[in-house]
Amino acid sequence: MPRGYSNYEQKRQEAADGGGGSGIYHIRCLEDGESCKIRYLTDHEDLYWDWFHRKTNDTGGFAGMKLCPRSTGNACVDCKLAKDESLSDKERAGHRAQMQVLAWAYEYEHYYTEPKEDRKKVTLGRSLVRYMKTVNEARLWRYAGAHMKALEPTIQLRNTLLDRDYLWIRSGKKGDTKPQYTLESMSDESELPAELKKLVLSLPDLEEVALERVTSLSGEKTASGETYRTVRVVEEDPTVPPFGVESPNVEAAANVVFGEEPEEEPF
Ligand SMILES: [Zn+2]
């Protein structure tokens, strides 16, 4: 099916804008030392976790994650194949379920390690130079269960994830299948701002996302007839161009749920 220029232009702008396209954007850092300033919108007791399988398209490529049917009390072909001794180790691993944890978070700013036209040079803390892009959108924090370790110190010390802004930092170069993440306090304790409290109410249940009943925050009607839309609650820095000149598909593919390969080996 021809996709056409106007459609391309719209997608280009949406992607370069860091949101608004179909699909749900994830909190995602791809390079060693890349980080983002976030505010959790889901507290630790409301995190959604469950087992998921990798979905593949016709050519065997990655096509997102699907909830293991055993989670809803049904038989699962993938779990069966994961134990099928007639398959190779690699094939079995491809069918194995992975524990994933889902939360909503508001991403204020993204800090890249490399400069680009639409990124502004900033210094984090005393001396860490990074290249900042304003995001100001709700995103899905969706990571393998192993990364709960990064949240544990905060949960254990503060008994909440909502008390302040945090820096979510990746260690591990691009393509590393076992990157590590650190959650670092980035502000004093403060109540969740009123705009974000309001935003929380507009977000779908994480379970609806896990079940793929909601697959977009772009304002399109979902299968269940509801419409969700992310809202920018803070004005963008006027010095940052609204969209960059880079190829949109690179960043879009990096952020959108579709086509995003989980970095970690299944459990
Ligand atoms: Zn399963």
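Being within 15 Å of the ligand (Cβ to nearest atom) and not β-branched (Val, Ile, Thr): is that true of residue 90 here? Don't jump to the end; show me each part of the working.
Working: within 15 Å of the ligand (Cβ to nearest atom): no; not β-branched (Val, Ile, Thr): yes.
It is false that residue 90 is within 15 Å of the ligand (Cβ to nearest atom) and not β-branched (Val, Ile, Thr).
Among residues of region 110-129 being out of contact with any Asp or Glu (no Cβ under 9 Å at 6 or more places or on another chain) and assigned to a strand (DSSP E or B), the one that is surrounded by the most Cβ atoms within 10 Å (Cβ to Cβ) is 124. Out of the residues in region 47-65 that are away from the ligand (no atom under 15 Å from the Cβ) and more than 18 Å from residue 213 (Cβ to Cβ), state the one that is nearest to the chain's Cα centre (by Cα). Result: 47. Where the second residue is of a type in the set (Asp, Glu) and at pLDDT below 90 and the first is within 16 Å of residue 36 (Cβ to Cβ) and lies in region 169-183, which pairs have Cβ atoms under 6 Å and are six or more apart or on separate chains? Between residues of region 169-183 that are within 16 Å of residue 36 (Cβ to Cβ) and residues that are of a type in the set (Asp, Glu) and at pLDDT below 90, the close pairs are 179/263. Looking across 224, 187, one residue alone is of a type in the set (S, T, N, Q), modelled with pLDDT of 90 or more, assigned to a loop (DSSP other than H, G, I, E, B) and more than 22 Å from residue 98 (Cα to Cα). It is 187.
Results for (1) over 24 Å from the mean Cα position of the chain (by Cα); (2) among the aliphatic types (A, V, I, L, M); (3) within 16 Å of the ligand (Cβ to nearest atom), shown as yes or no for each residue.
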site: 67; (1), (2), (3): no, yes, yes
site: 71; (1), (2), (3): no, no, yes
site: 75; (1), (2), (3): yes, yes, yes
site: 94; (1), (2), (3): no, no, yes
site: 98; (1), (2), (3): no, no, yes
site: 105; (1), (2), (3): no, yes, no
site: 115; (1), (2), (3): no, no, no
site: 118; (1), (2), (3): no, no, no
site: 122; (1), (2), (3): no, yes, no
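Find the residue count for region 36-67, including only residues that are surrounded by 14 or more Cβ atoms within 10 Å (Cβ to Cβ) and either in contact with an Asp or Glu (Cβ under 7 Å, 6 or more places away or on another chain) or of a type outside the set (A, V, I, L, M, F, W, C) (or both). Can you show your working first?
Our first condition is that a residue be surrounded by 14 or more Cβ atoms within 10 Å (Cβ to Cβ); within region 36-67, this holds for 36-44, 46-55, 62-67.
So of that shortlist, the ones also either in contact with an Asp or Glu (Cβ under 7 Å, 6 or more places away or on another chain) or of a type outside the set (A, V, I, L, M, F, W, C) (or both) come out as 36-40, 42-44, 46, 48, 50, 53-55, 62, 64, 66-67.
Going through region 36-67 one residue at a time, the tally reaches 18.
In the set (1) crowded, with 20+ Cβ neighbours inside 10 Å; (2) free of Cβ contacts under 8 Å to residues at least 24 places away in the same chain, residue 156 fails one condition alone, (1). How many residues, within region 135-154, are under 26 Å from residue 217 (Cβ atoms) and more than 16 Å from the chain's Cα centre (by Cα)? Counting residues in region 135-154 that are under 26 Å from residue 217 (Cβ atoms) and more than 16 Å from the chain's Cα centre (by Cα) gives 1.
Determine whether region 134-143 contains at least one residue that is modelled with pLDDT under 95, surrounded by fewer than 19 Cβ atoms within 10 Å (Cβ to Cβ) and in a strand (DSSP E or B). Checked region 134-143: at least one residue is modelled with pLDDT under 95, surrounded by fewer than 19 Cβ atoms within 10 Å (Cβ to Cβ) and in a strand (DSSP E or B). The residue of region 16-46 that is farthest from the ligand (Cβ to nearest atom), among those that are β-branched (Val, Ile, Thr) and at pLDDT below 95, is 27.
Inspect all residues belonging to region 77-99 and state whether any of them is in contact (Cβ under 8 Å) with a residue 60 or more places away in the chain and in a strand (DSSP E or B).
In the first step, residues of region 77-99 are kept if they are in contact (Cβ under 8 Å) with a residue 60 or more places away in the chain; the result is 93, 96-99.
Filter again for in a strand (DSSP E or B), leaving 98-99.
The answer is yes, given that some residue of region 77-99 is in contact (Cβ under 8 Å) with a residue 60 or more places away in the chain and in a strand (DSSP E or B).
The values are calculated or read from the model by the stated rules, or taken from the named source; none is laboratory data. Predicted, not measured: the structure shown is a model, and the values here were computed from it. Here Cβ is always computed from backbone atoms with ideal geometry, including for glycine, and neighbour counts include all displayed protein chains.
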